[in-house]
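Visitor: Here it is, the structure in full.
The values are calculated or read from the model by the stated rules, or taken from the named source; none is laboratory data. Everything numeric in this text was worked out from a predicted model, so none of it was measured. So basically every Cβ, Gly included, is an ideal-geometry build from the backbone, and we count neighbours across all protein chains shown. For accessibility, only protein heavy atoms count, side chains too; no ligands or nucleic acids. Shrake-Rupley method; radii C 1.70, N 1.55, O 1.52, S 1.80 Å.
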Amino acid sequence: PILYSYFRSSCSWRVRIALALKGIDYETVPINLIKDGGQQFSKDFQALNPMKQVPALKIDGITIHQSNLSVLKQVEEELQLTWAQNAIISGFNALEQILQSTAGTYCVGDEVTMADLCLVPQVANAERFKVDCTPYPTISSINKRLLVLEAFQVTHPCRQPDTPTELRA
């Protein structure tokens, strides 16, 4: 399998976690979303993924793709921080309440589920966009427990081949 990825993409991180949890070895092809106006707009990448987004996972001759960065780019640059904060806070308010009835060690009981694969990258987004997570103790504690698991550590954005030196762990 080949994963076309950007180190900071939360969608790419979810895919990396899933592959790591399943023990699937894969090759990473970094697609820089900023350099040269965005490498996802190159003709070669558009041939692979006409949506021009990461991640794209090529496995068994099939390419699967999905991303959410395009939503943030539709918001005027000076409003992006506030928009992202409001979107994250709205989601976290609902999730913190839901987790009161579903959480065990992780989001849904004591086994890692898809909800956990989504949680960790979103908490990283919250940190990136300076959202105060103290009102979300359940989210925060689950995130801490997940981040010690190997699949979440080896797939972390600070450990990817395309991570800039200043952001590496």
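Visitor: Roughly speaking, to the nearest percent, how much of the stretch 72-151's 1.4 Å accessible area is carbon and sulfur? Provide the component values of the computation, followed by the final result.
Guide: Details: 2580 of 4680 Å².
Summing carbon and sulfur atoms, their accessible area is 55 percent of the total for the stretch 72-151.
Visitor: Given a Förster radius of 25 Å and the C-beta distance between Val154 and Val108 as r, what FRET efficiency does 1/(1 + (r/R0)^6) yield to the nearest 0.05?
Guide: E(calc), rounded to 0.05, equals 0.65.
Visitor: Something else now. Accessible area per residue of the chain at 1.4 Å probe, in Å²?
Guide: 57 Å²
Visitor: Cα centroids of the stretch 1-62 and the stretch 69-141: how far apart, whole angstrom?
Guide: Taking the Cα centre of the stretch 69-141 as reference, the centre of the stretch 1-62 is 22 Å away.
Visitor: Let me check I have the definition right: for the chain, take the eigenvalues of the Cα gyration tensor, multiply each by 5, take square roots. What are those semi-axes in whole Å, largest first?
Guide: 27, 20, 14
Visitor: How much of the DSSP bridge set in the chain is antiparallel, in percent, rounded to the nearest 5?
Guide: Taking every DSSP beta bridge within the chain, about 60 percent pair in antiparallel fashion.
Visitor: Also, I was wondering about something else. Report the label-to-label distance for Ser141 and Ile24 in nanometres (one decimal), using points 7 Å from each Cα along the Cα→Cβ vector.
Guide: 3.3 nm
Visitor: If you don't mind, another one. If a/c stays under 1.5 just call it rounded; otherwise compare a/b with b/c (prolate if a/b is bigger, oblate if not). Do that for the stretch 72-151, with a ≥ b ≥ c from the square roots of the Cα gyration tensor eigenvalues.
Guide: Since a/c reaches 1.5 and a/b is larger than b/c, the shape of the stretch 72-151 is classed as prolate.
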